[in-house]
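Asker: Before we start, here is the structure in question, set down as structure tokens.
A short reminder: the numbers here are calculations on the coordinates, not readings from a lab. Note that the coordinates shown come from a computational prediction; the quantities given were computed from them, not determined experimentally. Note that we place each Cβ from the backbone using ideal geometry, even for glycine, and neighbour counts take in every protein chain shown.
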Amino acid sequence: MTDFMRDEIGAPKIVDRATFQAELDALRVREKAHTHEGDEIAAARRRLPMVEMDSAIALIGPHGPVTLLDAFEGRRQLIAYYFMWHTGHPAPEQCEGCTWVTTQVAELSYLHSRDVTFAVFCQGPYEESARYHDFMGWEMPWYSALGSLDTLLVGRRVGRMHIVCYLRLILTEIGPDVSRFRNASAFASWLGLCPEKQISGGKVLSCKTRKVKNRAAIALRVGANSLSRAKGYFGEFFRRMRAKLGAAQAITATAHKIARVLYHVLLTREPYAETIFRQYDQQAQQRAEMRLRKQAALLGFQLVPNATPADL
């Protein structure tokens with residue numbers, strides 16, 4: 001008698017529960033090792049260095065020529081899907097895989113809330129491919145990258161599907177020349193990181209930073225907020241300010257500090273040296289101690305340092 005399941009379909013053999021469990025446990029060991037290896041490879045890919053791109057690379061949009069920077073739509077990150085295109089061919093002969101993938105991207109609000117723009121860079125002429133975009137009922141931004149593919153896809157094969165992520169750095173928002181700012185304080189004020197005091201009758205009514213639509217300031221605040229457990233000067237500064245002022249004001253104070261460092265680095269083109277700020281803090285502490293000693297002397301007191309464990 002023919003075993004239809006085994007001979008015709010090629011189904012696995014039937015065994016008892018103990019045999020099945022033993023083989024499953026052995027396979028899970030391999031699967032777990034494979035998963036861990038995949039995680040390490042994915043982490044290594046995320047740590048790959050970036051290559052600088054010219055923000056003025058030309059694209060064609062619904063209103064004519066635009067730049068790569070325009071495709072960001074003001075957001076910090078751009079995910080570009082490079083759509084394969086067969087110029088001159090009818091719609092049924094266009095890439096089924098690219099069509100299937102693009103159809104899955106229907107709701108973009110979640111990406112927008114994360115400061116990310118998704119756009120399709122078609123590898124064919126705009127007028128021809130835009131009709132396909134409209135016919136499919138897609139709503140994502142659509143551009144033709146036909147004239148710039150050799151620049152945009154260096155190291156990749158033109159004519160194939162690619163997903164490429166682009167990131168706007170702080171310098172794109174600030175510009176390469178910071179000498180237009182009078183000093184570091186003016187730069188921090190432009191970023192909206194300097195509190196503006198409202199004083200009436202000698203009394204401070206409010207002390208708040210003004211709201212600005214500046215993505216460089218947002219990036220600095222996000223960076224400051226990530227320092228809660230960081231080692232080094234900025235991490236210590238953030239934790240000290242948080243204990244003293246609270247989390248919100250600590251973020252602003254730390255972002256202000258980072259902005260001043262960024263200003264001097266861009267202005268002098270010299271690398272950041274953390275030891276300089278530690279020296280400033282030590283000098284500030286010495287000045288504070290001197291003021292306290294003078295005030296104590298005026299009141300007829302003398303400051304005595306607390307005993308350390310080593311002195312006991």
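Asker: Mind checking which of LEU24, LEU227, LEU69 has the largest fluctuation in a GNM of the chain, springs on alpha carbons under 10 Å?
Answerer: LEU24
Asker: Now a separate question. To the nearest 20 Debye, how big is the dipole of the chain about its Cα centre, given +1 on the beta carbon of each Lys and Arg and -1 on that of each Asp and Glu? Mind showing how you got there, number by number?
Answerer: On the way: 41 positive and 32 negative charges, 553 e Å.
Here the size comes out at about 2660 debye.
Asker: Could you check the simple spin-label distance between GLU37 and ASP281, using points 7 Å along Cα→Cβ, in nm with one decimal?
Answerer: For the pair GLU37/ASP281, the computed spacing is 4.5 nm.
Asker: What's the extension gain from ARG28 to LEU267 if we count 0.36 nm per residue and subtract their Cα-Cα distance?
Answerer: 80.4 nm
Asker: Right, here's the next one. Pairing the Cα long axis of helix 215-225 with the longest principal axis of the chain, what angle in degrees results, from 0 to 90 and rounded to the nearest 10?
Answerer: 70
Asker: I want the local charge near VAL212. Using Cβ-Cβ distances under 15 Å, sum +1 for each Lys or Arg and -1 for each Asp or Glu among the other residues.
Answerer: On the way: positive: LYS208, ARG210, LYS211, LYS213, ARG215, ARG221; negative: GLU173, GLU196.
Cβ neighbours under 15 Å give a net charge of +4.
Asker: Can you work out the Karplus-derived ³J(HN,Hα) for every residue in the range 122-128? Use 6.51 cos²θ - 1.76 cosθ + 1.60 with θ = phi - 60°, whole Hz, and x for glycine or proline.
Answerer: Result, rounded to whole Hz: 6, 8, x, x, 5, 4, 5.
Asker: Let me ask you something else. May I ask for the angle, rounded to the nearest 10°, between helix 17-46 and the longest principal axis of the chain, with both axes built from Cα atoms and the value confined to 0 to 90°?
Answerer: The angle comes out at about 60 degrees.
Asker: Within the set LYS208/LYS294; LYS257/LYS294; LYS211/LYS231; LYS213/LYS257, which residue pairs have Cα atoms separated by over 26 Å?
Answerer: Table pairs above 26 Å Cα-Cα are LYS208/LYS294; LYS257/LYS294; LYS211/LYS231.
Asker: Still on this structure, please answer the following. Can you work out ³J(HN,Hα) from phi for every residue in the range 180-190, in order, using Karplus 6.51 cos²θ - 1.76 cosθ + 1.60 and θ = phi - 60°, giving whole Hz and x for Gly and Pro?
Answerer: In residue order, the calculated couplings are 5, 8, 4, 7, 5, 5, 5, 5, 5, 5, 4 Hz.
Asker: Relative contact order for the range 215-296 using alpha-carbon pairs under 8 Å, separation at least 6, rounded to a whole percent?
Answerer: Over the range 215-296, the number comes to 24 percent.
Asker: Suppose a student asked you for the relative contact order of the range 10-110, using Cα pairs under 8 Å spaced at least 6 residues apart; what percent would you report?
Answerer: So the answer I get is 10 percent.
Asker: Continuing with the same structure: State the label only: which of (1) 18.8; (2) 33.3; (3) 16.2 corresponds to mean projected area of the Cα convex hull in nm² computed from the shown model?
Answerer: (2)
Asker: Near the amide H of HIS162, under 5 Å away, which other amide H atoms are found, from residues 5 or more places off or on another chain, if H is placed in the peptide plane?
Answerer: Excluding prolines and chain starts, which carry no amide H, the hits are TYR82.
Asker: Report, by chain and number, residues whose modeled amide H sits under 5 Å from the one on CYS194, excluding near sequence neighbours (fewer than 5 apart, same chain).
Answerer: Amide H to amide H, under 5 Å and 5 or more residues apart or across chains, CYS194 pairs with ARG210.
Asker: A further question on this structure: Tell me which of ALA255, CYS122, ALA58 sits at the most positive position along the dipole axis of the chain, charges placed on C-beta atoms (Lys, Arg +1; Asp, Glu -1).
Answerer: Result: ALA255.
Asker: Residue separation times 0.36 nm, minus the C-alpha to C-alpha distance between ASP150 and GLU93: what's the value?
Answerer: Length gained, ASP150 through GLU93: 18.1 nm.
Asker: Here's a follow-up. Can you give me the long-range amide H partners of CYS95? Hydrogens built in the peptide plane at 1.01 Å from N, cutoff under 5 Å, separation of 5 or more residues or another chain.
Answerer: Amide H neighbours of CYS95: HIS86.
Asker: Right, next: Once the Cα atoms of helix 233-245 and of the chain are each reduced to a long axis, what angle between those two axes, in degrees from 0 to 90 to the nearest 10, is obtained?
Answerer: For helix 233-245, the angle is close to 70 degrees.
Asker: Under a crude label model (7 Å from the Cα following the beta-carbon direction), how far is VAL164 from LEU292 in nanometres?
Answerer: Going from the VAL164 label point to the LEU292 one covers 5.8 nm.
Asker: Hey, how much of the P(r) for the range 215-296 falls beyond 17 Å, as a percent of Cα pairs?
Answerer: So the portion of pairs separated by more than 17 Å is 54 percent.
Asker: Using the Karplus equation 6.51 cos²θ - 1.76 cosθ + 1.60 (θ = phi - 60°), what ³J(HN,Hα) coupling, rounded to whole Hz, does each residue of the range 83-90 give in order, writing x for Gly and Pro?
Answerer: Computed from phi, the couplings for the range 83-90 are 8, 5, 9, 10, 4, x, 8, x Hz.
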